[in-house]
1. Those residues that are more than 19 Å from G109 (Cβ to Cβ) and without any contact (Cβ under 8 Å) to a residue 60 or more places away in the chain, I need them from the range 131-148; list them, please.
2. Would you point out which residue out of P190, P175, P214, P197 is more than 22 Å from the chain's Cα centre (by Cα), assigned by TED's automatic domain parsing to the domain that holds Y137 and of a type outside the set (A, V, I, L, M)?
3. How many residues, within the range 20-45, are modelled with pLDDT of 95 or more, closer than 18 Å to G68 by Cβ and either in a loop (DSSP other than H, G, I, E, B) or touching a Lys or Arg at 6+ places or on another chain (Cβ under 6 Å) (or both)?
4. Kindly list, by first and then second residue, each pair from a residue in the range 96-113 that is more than 14 Å from V162 (Cα to Cα) and not assigned by TED's automatic domain parsing to the domain that holds G134 to a residue that is at pLDDT 95 or above and part of a loop (DSSP other than H, G, I, E, B), limited to pairs with Cβ atoms under 6 Å and residues at least 6 apart or on different chains.
5. Can you say whether G56 is modelled with pLDDT of 95 or more and either under 30 Å from S213 (Cβ atoms) or exposed (fewer than 14 other Cβ atoms within 10 Å of the Cβ) (or both), as far as the supplied structure shows?
6. Only one of (1) part of a loop (DSSP other than H, G, I, E, B); (2) in contact with a helix residue (DSSP H, G or I) (Cβ under 8 Å, 6 or more places away or on another chain) fails for V63. Which number is that?
7. Please go through (1) under 25 Å from H87 (Cβ atoms); (2) touching a Gly at 6+ places or on another chain (Cβ under 9 Å); (3) at pLDDT 95 or above for D152 and return the number of the only condition it doesn't satisfy.
8. Could you look through the range 226-237, keep only residues that are surrounded by 17 or more Cβ atoms within 10 Å (Cβ to Cβ) and out of contact with any Ser or Thr (no Cβ under 9 Å at 6 or more places or on another chain), and pick out the one that is modelled with the highest pLDDT?
Amino acid sequence: MLPVDPTKKLSFTRCISDGDLVIVYEKYDTMKAVEVCAGSVLGNRFGVFKHSDWIGKQFGSKVFSSKGGFVYLLAPTPELWTLVLSHRTQILYIADISFVIMFLELVPGCLVLESGTGSGSLTTSLARAVAPTGHVYTFDFHEQRAVSAREDFEKTGLSNLVTVRVRDIQGEGFPDEFSGRADSVFLDLPQPWLAIPSAAKMLKQDGVLCSFSPCIEQVQRASETMRSSFTGRLFDAVISFCAL
């Protein structure tokens with residue numbers, strides 16, 4: 001795990017400790033997330049690696065097996081976590097995530113609302129963008145997905161930056177407690193237009209809403225609803241954005 005110092009940005013330059021999550025890089029297309037445990041070993045085609053040999057080394061270190069094979073021990077950055085996480089749903093990858101983060105205008109201290117959580121790929125990057133003083137509240141209607149996502153955020157040390165809740169945002173909207181408080185809202189829903197009126201109420205003045213949809217018909221309908229709910233600029237692509 002990577003505990004977050006609330007006075008600093010997320011940092012992966014420290015040494016690996018017992019209980020940490022590391023990304024084991026075997027080759028360019030083979031990586032896996034491993035929780036370090038002093039008495040455990042990792043076996044693969046390159047040999048057997050003792051976890052105890054990893055403790056005290058810096059993230060990024062190259063470690064060798066008894067037969068001379070090697071792997072790299074990498075920090076679970078959002079970019080790498082996206083490549084190794086369990087796919088409970090289809091996920092966003094780095095190109096789309098970068099686009100979303102940029103246009104949501106996220107900076108440390110922002111409050112972000114997200115629906116739905118899915119596999120948590122984007123959520124991890126949102127958390128890094130608003131750290132150390134911001135927070136991401138992410139919602140999913142599927143209880144087991146929410147539980148699994150919460151466990152993942154515990155593993156990656158982001159639980160103090162991310163709160164996971166079970167809620168059907170399309171049917172119920174966002175909780176009233178966030179009304180006028182959110183800097184940004186992100187929607188990845190089958191029918192995002194049902195949630196847009198609620199999302200508009202959650203945003204601060206100059207807040208930004210992003211709706212991500214894979215189909216142009218979804219984008220068109222979401223954009224129409226945005227135009228009736230917002231004043232300001234509207235950016236249309238496979239992703240739809242609107243700012244108050």
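The values are calculated or read from the model by the stated rules, or taken from the named source; none is laboratory data. Since we're looking at a predicted model, the values are computed, not measured. All Cβ positions, even for glycine, are placed from backbone atoms using ideal geometry, and neighbour counts span all protein chains on display.
1. To start, the set of residues in the range 131-148 that are more than 19 Å from G109 (Cβ to Cβ) comprises 139-148.
The answer is F139, D140, F141, H142, E143, Q144, R145, A146, V147.
2. P197
3. Result for the range 20-45: 2.
4. Listed by first residue and then by second, the contacts come to nothing, as the list is empty.
5. Numbers: modelled with pLDDT of 95 or more: yes; either under 30 Å from S213 (Cβ atoms) or exposed (fewer than 14 other Cβ atoms within 10 Å of the Cβ) (or both): yes.
When the stated conditions are applied, G56 passes them.
6. Single failed check for V63: (1).
7. (3) is the only condition that D152 fails.
8. The first filter runs over the range 226-237 and keeps only residues surrounded by 17 or more Cβ atoms within 10 Å (Cβ to Cβ), leaving 226, 229-230.
If we keep only those that are out of contact with any Ser or Thr (no Cβ under 9 Å at 6 or more places or on another chain) too, we end up with 229-230.
Working: S229: 78, F230: 75.
So the residue we want is S229.
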